[in-house]
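Working notes, structure below.
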Protein chains: 2
Amino acid sequence: MLSEFDLIAKYFTRPTPNATLGVGDDCALLTPTPGTQIAISSDMLVSGTHFFANAEPKLLGHKSLAVNLSDLAAMGAKPVAFTLALSLPKPDEPWLAAFADGLLSLADLYGCELIGGDTTRGPLNICITVFGEIPAGKALRRDAAKVGDDIWVSGALGEARLGLAGMRNELALDAATLSAAVMRLHQPMPRVALGIALRSVANAAIDVSDGLVGDLGHILARSGVGATLNVDALPVGPMLSEQPQEVRRRFALSGGDDYELCFTAPPSMRAAVLNAGNETGKAVTRVGTIEATHGLRLTDAGGVPLELHATSFDHFVAA
Amino acid sequence: MLSEFDLIAKYFTRPTPNATLGVGDDCALLTPTPGTQIAISSDMLVSGTHFFANAEPKLLGHKSLAVNLSDLAAMGAKPVAFTLALSLPKPDEPWLAAFADGLLSLADLYGCELIGGDTTRGPLNICITVFGEIPAGKALRRDAAKVGDDIWVSGALGEARLGLAGMRNELALDAATLSAAVMRLHQPMPRVALGIALRSVANAAIDVSDGLVGDLGHILARSGVGATLNVDALPVGPMLSEQPQEVRRRFALSGGDDYELCFTAPPSMRAAVLNAGNETGKAVTRVGTIEATHGLRLTDAGGVPLELHATSFDHFVAA
């Protein structure tokens, strides 16, 4: 049986050209680039809560890092490094090899180095902490939305939620749609390049992990403002085209796991926002306006108010 | 029932005078002091593996952070901030209040700010990542021991292991000894001040979390050297005074959870090492020598070789 130290050495010890010191000491060491701030985010993924116990380990490795990189993207930070703490029922080598493959393939794509962590025995639990760099003062914070800002969303919404609905048999999907939507759920791509391109363009940003209504709500609360969203303007994912309007709206407003960016920018920045989207190959769609009146209001394209039934996903409330 | 966001706000959102941005955004932001490196360590504590499921939550909060601060101490880094990812079966408020009390009391003692993290539902699991600062190039690394260095240990060894033996009924202890030894197990104090005082004095350092033999072994392996330890010189904790020699030696050599520092320094630094101990109120004891011949040799005070039965604690091998 592989010991903890063997496991670390075999799967998780890699060259770290950027870090001053990687896996294998009491601490890792990063030497910050002068004039930058370090952005830090930590997410824990638990079997049965965030993923099914029989989840494909390569996809799970990918997603575990992707959700953390998405937090860096939402600050406009450039990924630098991460730590991995992993609790496993037993040291299952094929599982570990596939998990490490998914994890480290995504890490390599962003030059984000595995610099440390911990492996231990216990129920399957994955805790990743990521580190990014950002020029001092340039972070896209949640508390920086201004009255009059446009509200934008990247990419398409609701497809990950469609995948979950298919897996749970809430909706009957054809095989091709099911397979594509499940991949949106399992293999999100963090919008890192877009976040960096928005550094001097957007005011506030968040990633859409718990559903647009809930996540935009965090920007509103932290910024002390309100908003109106044009529900008909939402970039509903094309995989939802066969679904009734109620499902399309609900999944786009409150489906979680999209990992797109929701951000605000002044109207004077519209061309710059579109340019940031073009340069990074990501669609960006204007979906609403930040207002002084607190609360979130929904309308259709004609400005007619809609009822807000959507609520945010919450790990301690949802099943 | 408290939602995830309520929990974070109630127990874990605090002022962060040192961090640029604390809990509540996609990422926390640290602004590094110019000329410093960031030391990072991540540890995961799992119910049933690292602590008993009915562990007193205040002590558990203390220990969860203490083991991470101990890693900073072993690098000579000054604690700055930490993230907490916490998985809980249910949002149990009295448990959380006590856990937060133990955790944050220790954090306050070291000016180490809680800047972010994650709470989620699942089997009890605590993952903390700590951040420290150290002047560039001054870190006490495991790979820096030199042939001829003295080997030193801070404080006393084996008492945490005695506490575990008492709890497991491996040994019959009187009530006062049991109680004191169990507190050594549950409430270790990281040797932060000593680590900082050793920055320009010691060559290599590690914290004794898995037992002296195993942890010193990491220094030897990473530095490409060997060592001889004088077993009779080991600072065996006074709580072990009633135990037979075999137990005293075994617990001092391979009992885990002491969270003392083991470090190496050239003989020319003996006065400086003793001074660092004096200034920080920590005993430091010279216990051996780094040698060119690989492997670890044990002798008694007369230089007579002893058999090495002790092995390091390993989470995937130990029960």
#### Entry: Residue check, residue B:124 of a type in the set (A, V, I, L, M), facing chain A (nearest Cβ under 10 Å) and over 20 Å from the mean Cα position of the chain (by Cα)
yes
### Message
Looking for something among the hydrophobic types (A, V, I, L, M, F, W, C), within 18 Å of residue A:95 (Cα to Cα) and not assigned by TED's automatic domain parsing to the domain that holds residue A:164 - is there at least one such residue anywhere in the range A:11-25?
### Response
yes
### Query
(1) over 18 Å from the mean Cα position of the chain (by Cα); (2) of a type in the set (A, V, I, L, M, F, W, C); (3) in a strand (DSSP E or B); (4) outside the structural domain of residue B:91 (by TED's automatic domain parsing): which one isn't true of residue B:114, the others all being true?
(4)
### Message
If I filter the range A:51-65 for residues that are closer than 15 Å to residue A:190 by Cβ, part of a strand (DSSP E or B), in contact with a strand residue (DSSP E or B) (Cβ under 7 Å, 6 or more places away or on another chain) and more than 11 Å from chain B (Cβ to nearest Cβ), do I get at least one hit?
### Response
no
### Query
Of A:249, A:286, which residue is basic (Lys, Arg), closer than 26 Å to residue A:189 by Cβ, assigned by TED's automatic domain parsing to the domain that holds residue A:196 and part of a helix (DSSP H, G or I)?
A:249
### Task
Check the range B:47-60 and report whether any residue there is surrounded by fewer than 24 Cβ atoms within 10 Å (Cβ to Cβ), within 15 Å of the chain's Cα centre (by Cα) and closer than 24 Å to residue A:82 by Cβ.
yes
### Query
So how many residues does the range B:289-304 have that are assigned to a loop (DSSP other than H, G, I, E, B) and under 23 Å from residue B:269 (Cα atoms)?
3
### Message
Any residue that is crowded, with 18+ Cβ neighbours inside 10 Å, touching a residue at least 12 places away in the same chain (Cβ under 8 Å), under 22 Å from residue B:111 (Cα atoms) and within 7 Å of chain A (Cβ to nearest Cβ) - is there at least one of those in the range B:10-23?
### Response
yes
### Task
Could you grab me the full set of residues in the range A:136-147 that are surrounded by fewer than 20 Cβ atoms within 10 Å (Cβ to Cβ) and either over 30 Å from residue A:217 (Cβ atoms) or at the interface with chain B (Cβ under 7 Å from one of its Cβ atoms) (or both)?
A:136
### Task
Go over the candidates B:154, B:179 one by one and state the one that is within 28 Å of residue A:24 (Cα to Cα) and hydroxyl-bearing (Ser, Thr, Tyr).
B:154
#### Entry: Tally of residues being in a strand (DSSP E or B) and more than 12 Å from residue B:41 (Cα to Cα) across the range A:18-37
2
#### Entry: Residue under evaluation residue B:3, criteria (1) facing chain A (nearest Cβ under 7 Å); (2) modelled with pLDDT of 75 or more, criterion not met
(2)
### Query
Counting only residues that are at the interface with chain B (Cβ under 7 Å from one of its Cβ atoms) and more than 22 Å from residue A:188 (Cβ to Cβ), which one in the range A:83-114 is modelled with the highest pLDDT?
A:87
### Task
Among the residues of the range A:67-92, count how many are in a strand (DSSP E or B) and among the hydroxyl-bearing types (Ser, Thr, Tyr).
2
### Task
Give just the number: which of (1) acidic (Asp, Glu); (2) crowded, with 24+ Cβ neighbours inside 10 Å; (3) over 16 Å from the mean Cα position of the chain (by Cα) does residue A:71 not satisfy?
(3)
### Message
I want to confirm something. Restricting to the range B:192-211 and keeping residues that are part of a loop (DSSP other than H, G, I, E, B) and within 13 Å of the chain's Cα centre (by Cα), which single residue is modelled with the highest pLDDT?
### Response
B:211
### Message
Going through A:308, A:274, A:216 one at a time, which residue ends up being outside any strand (DSSP E or B), closer than 24 Å to residue B:9 by Cβ and modelled with pLDDT of 95 or more?
### Response
A:216
### Query
So residue A:40 fits all but one of (1) of a type outside the set (Phe, Trp, Tyr); (2) outside any strand (DSSP E or B); (3) under 26 Å from the mean Cα position of the chain (by Cα); what number is the exception?
(2)
### Summary
Filtering the range A:24-36 down to residues that are at negative phi and surrounded by fewer than 18 Cβ atoms within 10 Å (Cβ to Cβ) yields A:31, A:33, A:34
### Query
What are the residues in the range A:119-138 that are in contact with a Ser or Thr (Cβ under 6 Å, 6 or more places away or on another chain) and closer than 16 Å to residue B:51 by Cα, if any?
A:120, A:121, A:122
### Query
Looking at A:133, A:170, which one is surrounded by fewer than 24 Cβ atoms within 10 Å (Cβ to Cβ) and in a strand (DSSP E or B)?
A:133
### Query
Assuming residue B:29 fulfils every condition listed in (1) at pLDDT below 95; (2) more than 8 Å from every other protein chain (Cβ to nearest Cβ) apart from one, which condition is it?
(2)
### Task
Using the structure shown, decide if residue B:279 is charged (D, E, K, R), surrounded by fewer than 21 Cβ atoms within 10 Å (Cβ to Cβ) and free of Cβ contacts under 8 Å to residues at least 12 places away in the same chain.
no
### Query
Of the residues A:176, A:160, A:165, which single one is assigned to a helix (DSSP H, G or I), over 18 Å from residue A:258 (Cα atoms), away from chain B (no Cβ under 14 Å) and modelled with pLDDT of 90 or more?
A:176
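The values are calculated or read from the model by the stated rules, or taken from the named source; none is laboratory data. Keep in mind that what you see is a predicted model, and the values were worked out from it rather than measured. Cβ atoms come from the backbone with ideal geometry, glycine included; neighbour counts cover every protein chain shown.
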